[in-house]
Amino acid sequence: MTRPLLILAALALAGWAFASQDVRLDLYECRIENNQPVVRWLALEETDLARYELHRRTQYDSGFDKLAEVSPKGAGYEYVYRDAQVYKAAGETVEYELFSVSTQGVYTSHGVQSVDYTPTAVRRTWGSIKAMFQ
C-alpha cells in the first residue's frame, strides 16, 4: 500500500516540476556604458513568470542585495537595467545575479555576471554627498 502512494507522490512532483516556470535566456551580460554598469538580458521564453529580480554584490558586501524587480514583458523583449546607484572606488568589481521568479515563488538563478567599474571623480563626489544624507 505504501509503495503505490510513493509512486503517485513522485509522479505528482514530476508533473509539478514540468508545469512550473520555464524561462530561457538568449542573452545575459553586464558591461560599462557611459561610465555606468548596464545589465542586459533577452528572454526567448517566459512561461509562468511573475518577475525578474536583479541582485548586486561588491567586494564590501557580505552577500548579494536585491537591486531591482522587473515585470515580464514577454518573449523576445530585451531588458536593460542601468545601475545608477553603484558607488565604488576605482578598479573594483561589481557582480550581478539575475533571478526569474515563478508565480509559485520559485527562484531560478541565471548566473552571475561581473564588470570592473571605475567611476569618474564627479560621480565619486556626488556619491559621497548622497551617502551623507541617506
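Quick notes
- Looking only at segment 57-114, residues that are assigned to a loop (DSSP other than H, G, I, E, B), surrounded by 17 or more Cβ atoms within 10 Å (Cβ to Cβ) and touching a Gly at 6+ places or on another chain (Cβ under 9 Å) come to 2 in all.
- Answer residue from segment 34-55, given it is modelled with pLDDT of 95 or more and charged (D, E, K, R) and is farthest from Val94 (Cα to Cα) among those: Arg51
The values are calculated or read from the model by the stated rules, or taken from the named source; none is laboratory data. Keep in mind that this is a model prediction, so the values were computed, not measured. All Cβ positions, even for glycine, are placed from backbone atoms using ideal geometry, and neighbour counts span all protein chains on display.
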